[in-house]
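A quick write-up on the structure given underneath.
The values are calculated or read from the model by the stated rules, or taken from the named source; none is laboratory data. On a predicted model such as this, the values are computed, not experimentally measured, just so you know. Reconstructed Cβ throughout: ideal geometry from the backbone, glycine too, with neighbour counts over all protein chains shown. Surface areas here come from the heavy atoms of the whole protein model, side chains and all, with no ligands, DNA or RNA. Shrake-Rupley method; radii C 1.70, N 1.55, O 1.52, S 1.80 Å.
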Amino acid sequence: MANIALLIAGGSGNRMHQDIPKQFLTVNEKPVIIYTLEAFEKHPEIGSIAVVCIDGWEQVLWAYAKQFNITKLKYVFSGGENGQASIRNGVYELEKQFKENDIVLIHDAIRPLVSAEIISDCISKTIQYGNAITVIPCAEAMMQTENGVMADKSYPRDRLKRTQTPQGFYLGQICELHRKALKAGITNSVASCTLMIEMGQQVYFSAGSEKNIKLTTVEDIDIFKALLAAKRSEWLKD
Ligand SMILES: C[C@](O)(CO)[C@H](O)COP(=O)(O)O
């Protein structure tokens, strides 16, 4: 049985307001996507890595992978018109290379601080339950709003989880989910976990971390740099 990491790097990152797609921004002399690739490269349970890449950046990605010695990167696929289409392209391509009972961990390329523990837990919960969505508890009070201006309802935070990636599935099952979703006319679900719910399936949780940040806005780059600095000083102490 193989464990494959499928990194989703198909987006242009409009919310970052940069000329370069955020997965290719350089932070401390290394492109963001390389931090993410290194996390899976170093993980002993991951055999192969595939990337769904934004059009026009494929050769840059292969060049960076060579420069930073990412030997597990085997496939680079085209993105789609949205996240659901990009993931669908990726899993359909993987289906041509791997078996239905192989595990695929679908991960945002712009979550560069995913840890070995998070990857391991996602794999073991996928084996245990059939799928695994990385989550963290919801620490803030939650308000429900219709118009974004005011709220007259709150939502109990202990009943909520904040989802992250990786999100783990058996390859055959995630391909089947995408085929059924297309037949049902669902074409723009936010994430694999939301697609599962929209298709009436249960999802199971694995353990995430506040440090497994998603680089969405420019502010997140500052947080990323601070977390990198903290990580470096931990290494120096060891
Ligand atoms: C998959 C995800 O990271 C879970 O939190 C998130 O939904 C991705 O959102 P994006 O809009 O594709 O950045």
Counting only protein heavy atoms and rolling a 1.4 Å probe, one gets per residue an accessible area for the stretch 180-238 in Å² of 66 Å²
Placing each pseudo-label 7 Å from Cα in the direction of the beta carbon, residue 223 and residue 67 end up separated by a distance in nanometres of 2.7 nm
Non-local residues with an amide H under 5 Å from the amide H of residue 213, with H modelled 1.01 Å from N and Pro and chain starts lacking one, are 113
Expressed as a percent, the portion of alpha-carbon pairs in the stretch 1-83 spaced more than 16 Å apart is 50 percent
Per the C-alpha gyration tensor (a ≥ b ≥ c, the square roots of its eigenvalues), the stretch 113-238 is rounded if a/c is under 1.5, else prolate if a/b beats b/c, else oblate; here it's oblate
A 1.4 Å probe over the protein heavy atoms gives the chain a carbon and sulfur accessible-area percentage of 51 percent
Per principal axis, largest first, the Cα atoms of the stretch 177-238 extend in Å by 53, 26, 14
Probe 1.4 Å, heavy atoms of protein chains only: per residue, the accessible area of the stretch 80-168 in Å² is 52 Å²
So the compactness index of the chain, its C-alpha Rg divided by 2.2 N^0.38 Å, takes the value 1.01
When every protein chain stays in place and a 1.4 Å probe is rolled, 78, 115, 86 sorted by accessible area with the largest first are 78, 115, 86
CD proxy, 222 nm, the chain: helix-only mean residue ellipticity via -39,500 (n - 2.57) per DSSP H run with n ≥ 4, per residue, nearest 500, stands at -11500 deg cm²/dmol
Taking only protein heavy atoms and a 1.4 Å probe, the highest-to-lowest accessible-area order of 231, 66 is 66, 231
With DSSP loop assignment and no more than 11 other C-beta atoms within 10 Å, the GluC sites (Glu not before Pro) in the stretch 10-78 are 29
